[in-house]
Each structure stands twice: as C-alpha cells, then as structure tokens.
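What follows is one structure encoded as structure tokens, with my remarks underneath.
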Amino acid sequence: MEINLNALVTEQRNPRTEHIDEVPTEELCRLINQEDQTVPIAVEKELPQIAKAIDVIAAQIEVGGRLFYCGAGTSGRLGVLDASECPPTYGVDPGLVVGLIAGGTEALFSAKEGAEDSDTLCEQDLRAYHFNKKYWNSVRFESDVDDKLMKELIDHSYDEVIKKFTKKLRAEYDALP
C-alpha cells in the first residue's frame, strides 16, 4: 500500500522550519528551540479546558473508571510510555491507565505510516475494552478540529460526570480548592 504523505494533515510541513535540513547546526538548534517555545504558550491558552479535562478524568477514576491514552506515531508512543510509568510512579493498578497506539504493539518499534490518520483504528482498539458509549466522546486532535466544538465536548463530558456523583462525592468535589 502506497501512502501519499503530502495528503495527510499530520505530515504537513512547518513553513518556519521548511529548510531546517539546509542550515548550519547552530541555526538548526535555534529553529528547534524557537518551535519548542511555542508549546507553553499554546498550553497556557488552554489551561481552563485542561483543568476541566483533568477534573472529568479524576471524577471518573473516583467512581471506578480508567484513563486511556490513544495516539499514533510519537504521541502514541509517549502515551504508552506515560501509561506504563503510572504504576511504579503513583502506585496505581496497571490497568488504571492504559496506553493504546494506532497500529498496535508493532507500531511502538516501527513506524506505521497512515495509522494516525485512520478514523477507525483507535475506536476498534477501544471496543476491546467494552466501553460504555453513553458518555464516550471520540475526538481526533488535529489542526482542523474546531476549538468551540472541542470545548463543548469537554464541557458536556464534565457535566455528565458531575451529574453521576453521589451527594457525598459531590460535596467532597465542591470542597476542593
């Protein structure tokens, strides 16, 4: 199967580093460093939504839920790595945080081009864990996901989780700083 990498959103060139392979090493380092500096600024803009997502995850874990990292390529590998570090670092059960990578275990060691652009691979992997679809929002994170929709889905998940709280759990949650 031949894959047209130019057609994949995840494989688009960054115009600011388009000639990174043609510059002296120090300039290459500077370009990478400049791009790295954009990350905390982007994260800062999303802190309220990140906090809500953390609250939803923590609330679900509190009532017996689990956290699933689903990704592809480097982000998938990092999700699997982080999930595997949760038991020794936080003393949690190995099944509490699960890392899934598009393309399966083989993709941890060998690139599976195109797997990250599949609309169905992650959902197929998740079905093996018998998800309750009532509160399951699947979202592909890429550059063309509408921010407003993303925030609405996070808010919806948050509201649905909070509605399931017992009075005692809701009181404990409301008392958090």
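Assorted remarks:
- When each of Ile50, Ile32, Ile20, Ile41 is tested for being surrounded by 10 or more Cβ atoms within 10 Å (Cβ to Cβ) and either closer than 25 Å to Leu149 by Cβ or under 19 Å from the mean Cα position of the chain (by Cα) (or both), the lone residue that passes is Ile50.
- Residue match in segment 112-132 (condition: modelled with pLDDT of 85 or more and aromatic (Phe, Trp, Tyr)): no
- Condition met for Arg30 (of a type in the set (Lys, Arg) and at pLDDT 95 or above): yes
- Only listed residue being free of Cβ contacts under 8 Å to residues at least 12 places away in the same chain and among the aromatic types (Phe, Trp, Tyr), chosen from Tyr90, Tyr69: Tyr90
- Flag for Gly73 being out of contact with any Leu (no Cβ under 9 Å at 6 or more places or on another chain), open to solvent by less than 70 Å² (accessible area, probe 1.4 Å) and more than 25 Å from Glu11 (Cβ to Cβ): no
- Qualifying helices (runs of 4 or more DSSP H) (wholly inside segment 9-62; at least 3 residues being touching a residue at least 40 places away in the same chain (Cβ under 8 Å)): 47-62
- So Gly99, is it modelled with pLDDT of 85 or more and loosely packed, with under 13 Cβ neighbours inside 10 Å: no
The values are calculated or read from the model by the stated rules, or taken from the named source; none is laboratory data. Keep in mind the model is a prediction, meaning the values are calculated, not measured. When we count neighbours, we look across all protein chains shown, and the Cβ atoms used for this are built from the backbone with ideal geometry, even at glycine. Ligands, DNA and RNA are excluded from the accessible area calculation, which covers all protein heavy atoms including side chains. Shrake-Rupley method; radii C 1.70, N 1.55, O 1.52, S 1.80 Å.
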